[in-house]
Amino acid sequence: MIAHISGTVAEKFNGLLVVDVHGVGYEVNVASGDFDAVTLDKDIKLYTYHHIREQTEELFGFSSLTAKKLFEMLITVQGVGPKAALAILSLGDAEVVRSAIASSDTSFVQKAAGVGKKTAERVVVDLSDKVGLPTNYSREHESIQTELNTSDEALEALMALGYTLADATKALEHIDKNLPTAQRVTQALRTQ
């Protein structure tokens with residue numbers, strides 16, 4: 001299993017990045033937000049999901065561990081393959097998507113390319129209780145105000161320790177976000 005890739009972005013096209021790692025180019029599928037944020041010839045680290053089928057192997061990359069974990073949850077839903085999960089994650093950053101699922105917003109999930117009404121409903125039904133509590137999600141502005149963002153190192157540290165996205169979110173919700181990462185993680189571990 002390939003957990004992450006660190007290298008230089010050699011090429012980008014059609015939602016794919018080619019990441020050069022010591023002379024070997026890895027083709028990685030990424031969500032539109034990650035694709036747009038990447039610059040050619042810059043170093044990058046992507047958390048990866050290695051998808052193997054009978055005829056093909058594909059890598060899916062994510063700029064945050066939170067997005068990778070949400071992707072892994074999405075592909076457990078019947079009818080949601082890796083491409084559909086990536087399309088759902090392309091709707092916004094991982095926290096926006098997580099919050100929409102947590103608040104049972106099927107119309108938001110349905111906006112993803114290739115995701116119909118029944119699949120969106122299945123995603124919400126299967127995952128709304130697994131992704132944590134919704135944040136203040138505003139449909140008008142298609143954005144959220146939240147104490148946690150997808151680059152929250154404490155959230156990612158707890159998930160690396162084996163917490164689910166929902167448990168990590170809950171553990172950190174009452175801890176001051178201005179504390180150093182190590183203190184936030186320590187306090188979260190003490191409250192559990």
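Which condition does VAL125 not pass, out of (1) surrounded by 14 or more Cβ atoms within 10 Å (Cβ to Cβ); (2) at pLDDT 80 or above; (3) out of contact with any helix residue (DSSP H, G or I) (no Cβ under 8 Å at 6 or more places or on another chain), if it passes all the others?
Checking VAL125 against (1) surrounded by 14 or more Cβ atoms within 10 Å (Cβ to Cβ); (2) at pLDDT 80 or above; (3) out of contact with any helix residue (DSSP H, G or I) (no Cβ under 8 Å at 6 or more places or on another chain), the one that fails is (1).
I want to confirm something. Restricting to segment 152-192 and keeping residues that are among the polar types (S, T, N, Q) and not in a helix (DSSP H, G or I), which single residue is surrounded by the most Cβ atoms within 10 Å (Cβ to Cβ)?
THR164
In segment 24-59, how many residues are of a type outside the set (S, T, N, Q) and in contact with a Pro (Cβ under 8 Å, 6 or more places away or on another chain)?
Residues flagged as of a type outside the set (S, T, N, Q) and in contact with a Pro (Cβ under 8 Å, 6 or more places away or on another chain) within segment 24-59 amount to 3.
Looking only at segment 21-40, which residues are over 16 Å from SER63 (Cα atoms) and in contact with a strand residue (DSSP E or B) (Cβ under 6 Å, 6 or more places away or on another chain)?
Answer for segment 21-40, where residues must be over 16 Å from SER63 (Cα atoms) and in contact with a strand residue (DSSP E or B) (Cβ under 6 Å, 6 or more places away or on another chain): VAL21, GLY25.
The values are calculated or read from the model by the stated rules, or taken from the named source; none is laboratory data. All values reported here derive from a predicted model rather than from experimental measurement. Cβ sites come from the backbone with ideal geometry, for glycine too, and all protein chains shown count toward neighbours.
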